[in-house]
1. Mind putting a number on the dipole of the chain about its Cα centre? Charges go on the C-beta only, +1 for Lys and Arg and -1 for Asp and Glu, and I need it in Debye to the nearest 20.
2. For the stretch 29-154, what is the per residue volume of the convex hull drawn over the alpha-carbon atoms, in cubic angstrom?
3. Using only the Cα atoms of the stretch 205-307, build the gyration tensor, take square roots of its eigenvalues as a ≥ b ≥ c, and label the shape rounded, prolate or oblate: rounded if a/c is under 1.5, else prolate if a/b is larger than b/c, else oblate.
4. Specify whether the C-alpha gyration tensor of the stretch 296-356 places it in the rounded, prolate or oblate class, a ≥ b ≥ c being the square roots of the eigenvalues: rounded for a/c under 1.5, otherwise prolate if a/b is larger than b/c and oblate if not.
5. So which residue, out of E274, E317, E289, gets the largest mean-square fluctuation from a GNM of the chain using Cα contacts under 10 Å as springs?
6. Loop-only check: which trypsin sites (Lys or Arg not before Pro) in the stretch 35-125 are DSSP coil with at most 14 other Cβ within 10 angstrom?
7. Tell me, what ³J(HN,Hα) does each residue in the stretch 48-58 have, in order and in whole Hz, if you take phi through Karplus 6.51 cos²θ - 1.76 cosθ + 1.60 with θ = phi - 60° and put x for Gly and Pro?
8. Please provide three numbers in whole Å: the alpha-carbon extents of the stretch 182-239 along the principal axes, with the largest listed first.
Amino acid sequence: MTRALRSIGSLLLAALLTGACSESGSSDLAPANELTIAVNAPSSVSPFIGQTIARGVTLAIQEINERGGITIGEKSFTLRMERFDNELSPQKALQNVRAAVSEEMIAIVDEGTGVEASWQLAARANVPIGIVYQGGEDLVDVETRPNVFRVAPTDHGIAFRLAEYLVPKGLKIAFLHDDSQYGRQGKVAFDDAFGHTPEAVVFDTSVPSGSGDVAPQVLEARRSGATALLVWATPSSVAEIVRATRSSGWDVPLYSAPSAQDPLVRQQLSDHPEWVDGLVFASGRMVAEKGPGPFMAFKRKYEDAFGVDEVGVTTSEGETVVQPPEYPMYSYDFVKVLAAAIEAARATSGPAVLDALNQVDVQGANGDERGFNELNHEGVVDDDVYFARFEDMVFVPVEDDPLSSTLEPIDQTVE
């Protein structure tokens with residue numbers, strides 16, 4: 001299928017599935033036999049994150065509706081999606097959740113911003129929140145936030161895997177994080193993981209997110225005697241730190257959190273692609289124990305529906321670089337678990353659905369089992385974190401980590 005035909009198909013699919021959607025959340029209530037899922041994600045500030053989360057939800061909705069919807073007794077319900085732009089603002093995110101609850105939407109698929117405040121509003125209405133991007137440890141708590149679930153790598157898992165990977169190398173680590181919610185949560189996880197080996201860390205500081213001026217902090221890190229730089233920040237901050245590091249002539253090894261794989265990092269560094277080479281990031285593995293088959297099948301379905309997600313850069317040989325659908329996989333999986341819970345509860349909302357979310361599980365897009373229980377609302381286990389290294393604008397699993405070295409690279413180019 002050509003890229004043009006895929007684009008047309010993507011537009012038609014979006015029109016069919018989300019024709020009633022709006023960014024403001026101001027549309028009319030859905031018909032009685034139609035259930036609405038809200039997506040609360042940064043469509044304007046981080047369009048890649050917002051779009052891929054929404055597309056995962058859309059694909060799951062399409063499959064559920066095509067098989068006849070959700071059946072409760074003799075009645076069937078179809079699903080629809082409504083998008084809200086949280087603008088990476090906790091206040092805006094809370095406003096969006098308030099709108100979703102007032103319009104009686106059955107669940108909120110959330111990027112994670114503002115959940116500290118919005119979960120209570122959703123809990124009073126027995127509305128589940130599924131976090132599918134941010135991994136902050138305090139966002140999910142079975143005891144205090146029983147309506148909050150997550151299908152995404154946790155910061156705890158990312159940080160401890162980074163410590164497990166970096167400390168044995170004998171590196172002197174300088175840690176830079178920005179002052180965004182993403183960066184602050186990363187700092188908490190970093191302190192927990194590397195607190196057991198404080199001698200491995202020689203520098204630790206925050207940089208302002210979005211300022212573009214991180215050179216002073218990078219210079220301090222260099223003067224600290226660091227032999228490795230670990231970055232936990234939003235994509236724009238990651239790009240600025242890499243630029244400041246490499247443009248100053250500091251050829252230190254670079255490591256990062258999952259945000260480094262965001263296309264924005266490579267876009268902002270496209271004038272110096274060699275600066276991206278060697279950057280290593282940690283993230284949730286896409287290929288599970290069952291091998292690449294399930295994820296590749298999901299990837300084909302995703303690209304048939306929406307086309308490939310172009311990064312906006314090319315390789316040195318002129319090939320177009322595309323992004324594998326990792327984060328669409330997480331939002332897709334949460335919707336599938338939600339649908340199974342509704343059918344098991346024989347109710348479209350209320351405490352019964354929340355209870356059922358602790359009981360059901362489904363096969364996820366990559367073949368892993370996805371589900372939750374009364375003791376754990378995390379859908380991605382901490383051990384499922386791998387490391388990838390950028391080479392010529394695409395990333396491949398590293399070879400010096402036992403888990404990563406067993407994973408097959410995912411093709412990331414098209415002609």
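The values are calculated or read from the model by the stated rules, or taken from the named source; none is laboratory data. Because the structure is a prediction, the values reported are computed rather than measured. Don't worry about glycine lacking a Cβ; one is built from the backbone with ideal geometry, like all the others, and counts go over all protein chains shown. Heads up: the accessible areas ignore ligands, DNA and RNA and are worked out on the full protein's heavy atoms, side chains in. Shrake-Rupley method; radii C 1.70, N 1.55, O 1.52, S 1.80 Å.
1. For this selection, approximately 580 debye.
2. Taking the convex hull of the Cα positions in the stretch 29-154, it is 108 Å³ per residue.
3. Verdict is prolate for the stretch 205-307.
4. It is prolate, given that a/c is not under 1.5 and a/b is the larger ratio.
5. In this elastic network of the chain, the residue with the biggest mean-square fluctuation among E274, E317, E289 is E317.
6. Details: sites: R55, R67, K75, R80, R83, K92, R98, R124; in loops: R67.
Within the stretch 35-125, the qualifying trypsin sites (Lys or Arg not before Pro) (loop, at most 14 other Cβ atoms within 10 Å) are R67.
7. So the Karplus estimates, Gly and Pro as x, are 4, 4, x, 5, 5, 4, 5, 5, x, 5, 4 Hz.
8. Cα extents, longest axis first: 32, 26, 13 Å.
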